[in-house]
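The values are calculated or read from the model by the stated rules, or taken from the named source; none is laboratory data. It should be emphasised that the depicted structure is a prediction, and the values quoted were computed from it without experimental measurement. As a convention, Cβ positions derive from the backbone with ideal geometry for all residues, glycine included, and neighbour counts pool all protein chains shown. To get the accessible areas, we keep the full protein, side chains included, count just its heavy atoms, and leave off ligands, DNA and RNA. Shrake-Rupley method; radii C 1.70, N 1.55, O 1.52, S 1.80 Å.
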Amino acid sequence: MNITVERLPEQELKPLFADPTQLGFGKVFTDYMFTAYYRKGQGWVEPKISKLKALQIDPAAVALHYSQEIFEGLKAYAGPDGRILLFRPEQNARRMYASAERLCMAPVPEELFLQGITDLVNLEKRWIPKAPGTSLYIRPTLIGTGDALGVHPADEYLFYVILTPVAAYYKEGFKPISLYVEEHYIRAAVGGVGNVKTGGNYAASLLAAAKAQEKGFSQVLWLDAKENRYAEEVGSMNMFFVFGRKLVTPNLGGSILPGITRASVLELARSLGYEAEERPIGIDEVIAGLQDGTLTEAFGSGTAAVISPVGSLFYQDQNHVIHGNQVGPVTQQLYDRLVDIQYGRAEDPFGWVREIGRL
Ligand SMILES: *Cc1c(COP(=O)(O)O)cnc(C)c1O
């Protein structure tokens, strides 16, 4: 694959953000982006790295009307030894492929996905922040373009990748978040697209999240669409409940996102001697566990936040505190292990980390 690189003159490059711990999430973008186009009869053409700028797409583009849009999220880490590391990027490539197939979009070949990211991140390596907890967040995006308003899959697609240096995801830092158990709105139903990383799922979730935030909660815990009973997931995270030495996470029943962090936490936990179950878990079981003390911790998992301790659950007018609203030892251990692997500070017995270059 021949990726064209259109370099900017030195004086046009943006200055780096002065204090990486104040970056927030997704507010500062780097100088370049990767783009490639899918054209009917031609396949994927014109892979290119060029200046990050506004897109020109037809106002009738399918993405804008019928939501053919999917995305991914992964991070590049600065290793202490100067290696540039990605965490399981081929898993993101495969998930994006599956997402595309579900939404009738032209899938991005794994090689194009990985090479585009590798070359872009290497060109932009000065933007990988080095302060603890910071990283360079990578946002691959696929949209249906084309120019006809009839409801049908697009015949042209744009794949692009943008980069944003980020601090830790939650402004609270590695502190417990508060969840509102949502009983009125639902996020996704089995048979729909809840297991697809598509913007539409987020659009559908914004109102409930805004209402929960108005009431002072960090996020919504979604329940299943059919019985309004089983825990599903949270915002952009999968959910784990800890019962002593046992972890329980909702099984991938089709309505929740198959998180790569979730899969990694399951493997990691088992290797550390925990029992880990993937099964439906009812909110009644969660509340009973909190009342009788068998449910000892809870946390969310996702690339952006890595692991986010949950300090309380608000359900049916009652607030239930988890582990005294403190970070529990299991959550802390899994978080430490996982970030040490991601940042190349610890051995990687699972073969998860990919070196894609040097700083
Ligand atoms: C991306 C995402 C996750 C987490 O997936 P990771 O691969 O662990 O980052 C969880 N839920 C939703 C809805 C997501 O979009």
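Below, the figures for the structure above:
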item	result
Every pair of residues 6+ apart whose Cβ atoms lie under 6 Å, when the first sits in region 335-346 and is closer than 16 Å to residue 262 by Cα while the second is open to solvent by 20 Å² or more (accessible area, probe 1.4 Å) and of a type outside the set (A, V, I, L, M, F, W, C)	341/348
In region 67-96, the residues that are farther than 18 Å from residue 304 by Cα and either within 14 Å of the ligand (Cβ to nearest atom) or basic (Lys, Arg) (or both)	69, 83, 94
Counted residues, region 293-308 - those being out of contact with any Lys or Arg (no Cβ under 7 Å at 6 or more places or on another chain) and within 16 Å of the ligand (Cβ to nearest atom)	9
Number of positions in region 36-54 that are crowded, with 18+ Cβ neighbours inside 10 Å and either hydroxyl-bearing (Ser, Thr, Tyr) or not assigned by TED's automatic domain parsing to the domain that holds residue 124 (or both)	2
Output for region 251-278, where each listed residue is closer than 14 Å to residue 237 by Cβ and touching a residue at least 60 places away in the same chain (Cβ under 8 Å)	256, 257, 258, 260, 261, 263, 264, 265
Out of 253, 244, 273, sole residue that is of a type outside the set (A, V, I, L, M) and either touching a helix residue (DSSP H, G or I) at 6+ places or on another chain (Cβ under 9 Å) or within 11 Å of the ligand (Cβ to nearest atom) (or both)	244
Among (1) within 16 Å of the ligand (Cβ to nearest atom); (2) more than 25 Å from residue 310 (Cβ to Cβ); (3) in a loop (DSSP other than H, G, I, E, B); (4) open to solvent by 40 Å² or more (accessible area, probe 1.4 Å), the one test that residue 192 misses	(4)
Residues located in region 214-229, provided they are more than 20 Å from the chain's Cα centre (by Cα) and either within 14 Å of the ligand (Cβ to nearest atom) or surrounded by fewer than 23 Cβ atoms within 10 Å (Cβ to Cβ) (or both)	214, 215, 216, 217, 225, 226, 227, 228, 229
Residue among 306, 286 that alone is at positive phi, aliphatic (A, V, I, L, M) and assigned by TED's automatic domain parsing to the domain that holds residue 251	306
Any hit, region 310-329, residues being modelled with pLDDT of 95 or more, in a loop (DSSP other than H, G, I, E, B) and touching a helix residue (DSSP H, G or I) at 6+ places or on another chain (Cβ under 6 Å)	no
Unique residue being among the aliphatic types (A, V, I, L, M) and either surrounded by fewer than 16 Cβ atoms within 10 Å (Cβ to Cβ) or free of Cβ contacts under 8 Å to residues at least 60 places away in the same chain (or both) when the list is 131, 167, 154	131
Hits in region 332-353 - residues which are closer than 16 Å to residue 269 by Cβ, open to solvent by 20 Å² or more (accessible area, probe 1.4 Å) and not in a loop (DSSP other than H, G, I, E, B)	332, 333, 335, 336, 337, 340
Qualifying positions in region 21-35 - among the aromatic types (Phe, Trp, Tyr), under 21 Å from the mean Cα position of the chain (by Cα) and open to solvent by less than 30 Å² (accessible area, probe 1.4 Å)	34
